[in-house]
Each structure stands twice: as C-alpha cells, then as structure tokens.
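Okay, so here's the structure we're looking at.
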Amino acid sequence: SDPEQTAISADGTRLHEIYGGRVAPHPGDTEPSPSWFEDYVHPEDLARTREAWIAAVTSGGTYDVEHRARLVDGSWGWVHSRAVAVRNDQGDIEEWIGSAIDITARKEAEEALRRSEAEHAVARRQAEQANRAKDEFLAMLGHELRNPHAPMLTALQLMRLRGQGSREQEVLERQVTHLTRMVDDLLDVSRITRGKTELHTQP
C-alpha cells in the first residue's frame, strides 16, 4: 500500500502528516501531534519503538523499525516505519522525513506459515510416536506368538519319534514350522525398524 509520509521536528517530539495512506500516525487532523507515539504505536511495542527512535534522534542515524500501529480504520496492523534526518548546510538536523508502510498482509502470511510449520512439526512427532508404538507392539506380538510354537513343534516331533506319527500330525508339523518362520520374520522386521540389527558386510 502507499506509505504514510510525515515530517517530524528535529528533536523528534512533534509530527506533521504530509500524506496519509492506510496508516494513521495521529488522529486525522493536520495539527502537529506531540504525543504521536502514544497515538500511533501499539502499547506492547511502545517501549522498544521509542527506544529505537530516541537512539536515532540522538545519533542522527536512520530510524528503521517494524511494529504494530494504528490504522486508518481504527484497527491494529503491522507497519515498517522509517525516518531519515534532513540537515542544513551546517550539518544540523532541521527535521525528519518519515514513512510508514502497511505490512500487515506480509506479517499475517509469516504468522500463518509459522503456525503451519508448528502444526506440521506436531503432526510429525505424533506420527513418529505412533510408529514407535507400532514397532513396540509388533515386537511384543512376535515374542508372544513365538513362545507357544516351540513346545507345539517339539510335542509333534516327539510323537513322530515314538511312532505315533500320522499324516495329520505331519500337516500340523509343517504348519507350525511355517508359522515359526513367519514369527521369526516378524521379529526381524521389528529389530530392523528399531535399529537393533547390525550388518556385517564382506565380499
């Protein structure tokens, strides 16, 4: 948007509006405002903004600050305020020429981006926690499933050694062996996902 343009006294205490844009440095009259900081700057930004302005007036350097300010419609918005000293032939400061540009849209976009990044970070942490919980569950499930397999397989093998084998028992033995391999694979996946596996490579 068009910048607000102002002329400020050499000591920085009184302000005249030159051109009014969306920013209202003081109520909409043309009289100089001796309290333009209180009229213009958001109370929470007043201390740091005044400190920067006093430093600029004292040193004669450029005043350049982003802060919240009163807008023409009465709402609070963000502005980029800047002022430079105008000097006479002797080098003394005669006045300050300042401008204030409404940067509310940019600040709102930055805040929306920060919120989005924070939300994504929370979602990522939640997904990581869910993934860890899943890995822990798979590990626990694998161990719980593995426990009954060994005695079942041993019992079937002993029955076969004692001459009590049958075709049905052979089917059970094959299936229990198959289930044992599946559980071992499940435990291997759990170890890999939890970083519990070491690889030893060789030619």
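The values are calculated or read from the model by the stated rules, or taken from the named source; none is laboratory data. Predicted, not measured: the structure shown is a model, and the values here were computed from it. As a convention, Cβ positions derive from the backbone with ideal geometry for all residues, glycine included, and neighbour counts pool all protein chains shown. Heavy atoms of the whole protein, side chains included, go into the accessibility calculation; ligands, DNA and RNA do not. Shrake-Rupley method; radii C 1.70, N 1.55, O 1.52, S 1.80 Å.
Sum -39500 (n - 2.57) across every DSSP H segment of at least 4 residues in the chain, then divide by the residue count to get the 222 nm mean residue ellipticity, nearest 500. Mind showing how you got there, number by number?
Numbers: 4 runs with 104 residues, N = 203.
That calculation yields -18000 deg cm²/dmol at 222 nm.
Using a cut-off of 15 Å between beta-carbons, work out the net charge of the residues near ILE192 (Lys and Arg +1, Asp and Glu -1, ILE192 not included).
Numbers: positive: ARG132, LYS134, ARG191, ARG194, LYS196; negative: ASP135, GLU136, ASP184, ASP185, ASP188, GLU198.
Once all neighbours under 15 Å are counted, the net charge is -1.
Once the Cα gyration tensor of segment 63-117 is found, what semi-axes does its equivalent ellipsoid get, as square roots of 5 times the eigenvalues, in whole Å, sorted largest first? Before the final figure, lay out the partial values.
Details: eigenvalues 211, 34, 7 Å².
Taking √(5λ) for each Cα gyration eigenvalue gives 32, 13, 6 Å.
What's the Cα-based Rg to Rh of the chain, Rh via Kirkwood?
Working: Rg = 37.9 Å, Rh = 23.8 Å.
Taking Rg over the Kirkwood Rh, I get 1.59.
Which three extents, in whole angstrom, do the alpha-carbon atoms of segment 117-203 cover along their principal axes, largest first?
The Cα atoms of segment 117-203 stretch 69, 37, 16 Å along their principal axes.
Taking amide H atoms as placed 1.01 Å from N in the peptide plane, list the residues 5 or more away in sequence, or in a different chain, whose amide H sits under 5 Å from that of HIS42.
It is ARG68, ALA69, ARG70, by chain and number.
Which residues does a label at ASP11 reach in segment 88-115, if reach means a backbone N under 19 Å from a point 7 Å past the Cα toward the Cβ?
Under 19 Å, as judged by backbone N against the label point of ASP11, lie 88, 92-97 of segment 88-115.
On the principal axes of its Cα set, how long, how wide and how thick is segment 86-148? Give whole Å, largest value first.
Principal axes ranked by extent give 98, 24, 8 Å for the Cα atoms.
Between THR201, VAL79, ALA112, whose Cα lies farthest towards the positive end of the dipole of the chain when Lys and Arg beta carbons carry +1 and Asp and Glu beta carbons carry -1, centred on the Cα centre?
Looking along the dipole axis, the top candidate is THR201.
What size of dipole, in debye to the nearest 20, comes out for segment 120-203 about its Cα centre when the only charges are +1 on Lys and Arg C-beta atoms and -1 on Asp and Glu C-beta atoms? Please report the intermediate quantities before stating the final value.
Numbers: 13 positive and 11 negative charges, 21 e Å.
Charge dipole, segment 120-203, about its Cα centre: 100 debye, nearest 20.
Compute the distance in nm between two label points, each set 7 Å from the Cα along the Cα-to-Cβ direction, one at LEU199 and one at THR177.
Between LEU199 and THR177, the label points sit 3.1 nm apart.
Fully extended, how many nm does the chain gain between VAL189 and HIS120 (0.36 nm per residue separation, minus their Cα-Cα distance)?
Details: separation 69, 0.36 × 69 = 24.84 nm, distance 2.78 nm.
Gain on extension, VAL189 to HIS120, equals 22.1 nm.
Can you give the accessible area per residue of the chain, in Å², using a 1.4 Å probe? Working shown, then result.
Numbers: 13520 Å² over 203 residues.
For the chain, the solvent-accessible area averages 67 Å² per residue.
Given +1 on the Cβ of Lys and Arg, -1 on the Cβ of Asp and Glu, and no further charges, what dipole in debye does the chain carry about its Cα centre, rounded to the nearest 20? Don't skip to the end; give the middle numbers.
On the way: 25 positive and 35 negative charges, 445 e Å.
Computed about the Cα centre, the dipole is about 2140 debye.
Leaving out ligands, DNA and RNA, what percent of the accessible area of the chain is carbon and sulfur, probe 1.4 Å? Intermediate values should be presented prior to the final figure.
Values: 7290 of 13520 Å².
For the chain, the apolar C and S fraction of the accessible surface comes to 54 percent.
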